[in-house]
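What follows is one structure encoded as C-alpha cells, with my remarks underneath.
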C-alpha cells in the first residue's frame, strides 16, 4: 500500500513538472453519465459532443486502446481512449492515470463491438489526482469499520449505500413538501436546553462557559413546539437532530433525526389518517411505489394500517392480561409464572415494568406496520388520559418489525394542573434512580397555564423508518456518519 501511494505521488510530481494543473478550478462538464445513458440513442445518431466528468473505478489498457469505467453521482459508464485519436497524450495518460483519479472527458457516444455504451474520448483532463488507492480495487469494500468511518469510500464502493442515502434525502424532502402543502410551518427550536424534556431518555450534558451554566443536548423538541402552539402557531413542525445518551445497537444511535409536528384543533381519526397519508406520499415520492419488502414480506402502505391495543398485544403474545395487574410486583410474578425472560433491571415504577414486558412480548411480536393504542398512562406523561379509560393514554404508536417508528398523541395534555402532577410523578421516579424519567419544566407549565388549545402531535424517528423501508440491517446503514468509538480507544 505504501509503495502504491508513493508511486501515485511520483506521478503527480511528474504531472506538475510538465506545467499541468492536476487540480484545476471549475468544470466543463455538460452532461452527467445518467444523462448520456438516457439519451444515448439520440447522441449516437447525431454524434453530438458531450463532456462527462467522474472517478475512474476500473481501467485496462490493450496496446493502443484503453477502457475506463467512469463513475459520477448519477451512475457509471465506459469511456474509450484510442491512441489514433489522442496521439502523444495517449501514452502520457496510460503512464499517469490511476484508478480513483477524477477526469473530464469530452467525446461522442460510441458503441463498442460488444455492444457496450461508451464515450469515445476526444481528450482527457485530470481534475483531481487520487493519492491513495480505492480499497480493494473499489468494488469490494466490506470491512464494516472502514465503511462507517470512511463513508466516502463506502459510497464509491457500494452502490446500495448511495441508493439508501439518496432515498433518505428524497423521503425527507417529500415529507417537508407534504407538511408545507398542508399549512404547517417549519420552525427551529433550541438544541441546547436548560432542561431536557419531551421524552423519557438519558440526556447528554455540556457546559456553557460564558453563562457558567450546565446545559443539555435536546432529547426532543416537543415542549418548545407546544409553546409555539400556545403562542398561536397552530400548525408547526421541525426536522432536526436529537441526542440521547444511551446504548448503541442495530436500532439506536446517540444522535438521530426526528420529525415532530403539532396541530391545534385536529380530530383523532383525521389526524391518524393524515399520518398514514404522509408516509404513503413520502414513500411514493422517494421510491416510486407504496410497496415495500420487509424480511421477505410485501407490505402495501396504500392501505390503512391495522390496530391493536397495548393490552391486546401482550395478551396475544404471552397470555398475560395487564388489566389484572396493579403493581410492579404483579408484573414480575406473572412474568415468572409464564417462564418469560424479561430484564427488569433499572425499571422504576409500574409503568416502566409494563413497558419492559411489552417490549419483550407484545411489541416484539409485531411485524407488519400496526398502530398500537392505549398505552398505560404512566408511560406517557405528556399526553391526555383516554376519555374512555383514564388508566390509558390518548396515544398510538406505529410499530414495524418490533420497533416503534411513529409516536402519535391524538390528545396532547393541555391541563397544566394535571401536567404538573405528571411531572411530580416523574421526579419521584428520578429520586428512585430512574435515568430516563422526565424533569419538571416550569417554563412549559407556565405556557400551559396561559392556555393551549386541543392539540395533536407526532414524533417520527427518521433513521429507524428509513432503515426499515430500505431493508437496512441497522441504523448505521442509513446515517451518513454514525457515532463510532474514537480510533485511539479501539
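The values are calculated or read from the model by the stated rules, or taken from the named source; none is laboratory data. Values in this document were obtained by computation on a predicted structure and should not be read as measured data. Cβ coordinates were reconstructed from backbone atoms using ideal geometry, including for glycine residues, and neighbour counts include every protein chain displayed.
Looking only at region 146-168, decide whether some residue is surrounded by 13 or more Cβ atoms within 10 Å (Cβ to Cβ) and under 23 Å from residue 408 (Cα atoms).
Yes, region 146-168 contains at least one residue that is surrounded by 13 or more Cβ atoms within 10 Å (Cβ to Cβ) and under 23 Å from residue 408 (Cα atoms).
For region 416-430, how many residues are surrounded by 19 or more Cβ atoms within 10 Å (Cβ to Cβ) and free of Cβ contacts under 8 Å to residues at least 40 places away in the same chain?
Residues that pass the stated criteria total 1.
Tell me whether region 106-113 contains one or more residues that are under 20 Å from residue 155 (Cα atoms) and either surrounded by fewer than 16 Cβ atoms within 10 Å (Cβ to Cβ) or touching a strand residue (DSSP E or B) at 6+ places or on another chain (Cβ under 8 Å) (or both). Steps first, please.
Taking region 106-113 first, the residues under 20 Å from residue 155 (Cα atoms) are none.
No, every residue in region 106-113 fails to be under 20 Å from residue 155 (Cα atoms) and either surrounded by fewer than 16 Cβ atoms within 10 Å (Cβ to Cβ) or touching a strand residue (DSSP E or B) at 6+ places or on another chain (Cβ under 8 Å) (or both).
Within the group 43, 65, 71, 97, which residue is within 15 Å of residue 123 (Cβ to Cβ) and either in contact with a strand residue (DSSP E or B) (Cβ under 7 Å, 6 or more places away or on another chain) or in contact (Cβ under 8 Å) with a residue 60 or more places away in the chain (or both)? Can you show your working first?
On the way: 43 fails: within 15 Å of residue 123 (Cβ to Cβ); 65 fails: within 15 Å of residue 123 (Cβ to Cβ); 71 fails: within 15 Å of residue 123 (Cβ to Cβ).
Of the residues listed, the single one that is within 15 Å of residue 123 (Cβ to Cβ) and either in contact with a strand residue (DSSP E or B) (Cβ under 7 Å, 6 or more places away or on another chain) or in contact (Cβ under 8 Å) with a residue 60 or more places away in the chain (or both) is 97.
Give 451, 471, 433 a once-over and let me know the one that is under 30 Å from residue 160 (Cα atoms) and surrounded by fewer than 22 Cβ atoms within 10 Å (Cβ to Cβ).
Values: 451 fails: under 30 Å from residue 160 (Cα atoms); 433 fails: under 30 Å from residue 160 (Cα atoms).
One residue alone meets the criteria, 471.
What number of residues within region 241-253 satisfy the criterion of being modelled with pLDDT of 95 or more and surrounded by fewer than 17 Cβ atoms within 10 Å (Cβ to Cβ)?
Selection size over region 241-253: 1.
Need a quick list: helices (runs of 4 or more DSSP H) entirely within region 271-366 having at least 1 residues that are in contact with a helix residue (DSSP H, G or I) (Cβ under 7 Å, 6 or more places away or on another chain) and without any contact (Cβ under 8 Å) to a residue 24 or more places away in the chain. Spell out how you get there, then give the answer.
Values: elements: 310-318, 328-337, 350-360.
Filter on region 271-366 gives 328-337.
Looking only at region 434-450, which residues are part of a loop (DSSP other than H, G, I, E, B) and either within 32 Å of the chain's Cα centre (by Cα) or not assigned by TED's automatic domain parsing to the domain that holds residue 203 (or both)? Before you say what the answer is, go through the steps one by one.
Start the filter on region 434-450 by keeping residues that are part of a loop (DSSP other than H, G, I, E, B), which leaves 434-441, 450.
The answer is 434, 435, 436, 437, 438, 439, 440, 441.
So that you can scan it fast, the table gives a plain yes or no per residue for (1) modelled with pLDDT of 90 or more; (2) closer than 29 Å to residue 466 by Cβ:
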| position | (1), (2) |
| --- | --- |
| 349 | no, no |
| 355 | yes, yes |
| 366 | yes, yes |
| 373 | yes, yes |
| 403 | no, yes |
| 410 | yes, yes |
| 414 | yes, no |
| 442 | yes, no |
| 453 | yes, no |
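Among what's in region 388-415 and is without any contact (Cβ under 8 Å) to a residue 24 or more places away in the chain and out of contact with any strand residue (DSSP E or B) (no Cβ under 7 Å at 6 or more places or on another chain), pick the residue that is farthest from residue 427 (Cα to Cα).
Top of the filtered list is 388.
Restricting to region 411-433, count the residues that are assigned to a helix (DSSP H, G or I) and within 33 Å of the chain's Cα centre (by Cα).
Initially, region 411-433 is screened for residues assigned to a helix (DSSP H, G or I), giving 416-431.
If we keep only those that are within 33 Å of the chain's Cα centre (by Cα) as well, we get 419, 422-423, 426-427, 429-430.
Summing the residues that are assigned to a helix (DSSP H, G or I) and within 33 Å of the chain's Cα centre (by Cα) in region 411-433 gives 7.
Out of 84, 116, report the one residue that is touching a strand residue (DSSP E or B) at 6+ places or on another chain (Cβ under 6 Å) and surrounded by fewer than 18 Cβ atoms within 10 Å (Cβ to Cβ). Break it down stepwise before answering.
Values: 84 fails: touching a strand residue (DSSP E or B) at 6+ places or on another chain (Cβ under 6 Å).
The match here is 116.
Working only within region 241-266, note down all residues that are outside any strand (DSSP E or B) and either without any contact (Cβ under 8 Å) to a residue 12 or more places away in the chain or out of contact with any strand residue (DSSP E or B) (no Cβ under 9 Å at 6 or more places or on another chain) (or both). Reasoning before the result, please.
First pass over region 241-266, keeping only residues outside any strand (DSSP E or B): 244-248, 250-251, 253-254, 265-266.
Matches in region 241-266: 247, 248, 250, 253.
Per-residue answers, yes or no, for (1) more than 19 Å from the chain's Cα centre (by Cα); (2) at pLDDT 95 or above; (3) within 21 Å of residue 444 (Cβ to Cβ):
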site	(1), (2), (3)
221	no, yes, yes
226	yes, yes, yes
260	no, yes, yes
264	yes, yes, yes
272	yes, yes, no
286	no, yes, no
303	yes, no, no
312	yes, yes, no
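Looking at region 182-200, is at least one residue without any contact (Cβ under 8 Å) to a residue 40 or more places away in the chain, surrounded by fewer than 20 Cβ atoms within 10 Å (Cβ to Cβ) and not in a loop (DSSP other than H, G, I, E, B)? Before the answer, list the steps.
Pass one, region 182-200, residues without any contact (Cβ under 8 Å) to a residue 40 or more places away in the chain: 190, 192-194.
Filter again for surrounded by fewer than 20 Cβ atoms within 10 Å (Cβ to Cβ), leaving 190, 192, 194.
Among the residues that remain, those that are also not in a loop (DSSP other than H, G, I, E, B) are: 192.
Within region 182-200 (the criterion being without any contact (Cβ under 8 Å) to a residue 40 or more places away in the chain, surrounded by fewer than 20 Cβ atoms within 10 Å (Cβ to Cβ) and not in a loop (DSSP other than H, G, I, E, B)), the answer is yes, since at least one residue qualifies.
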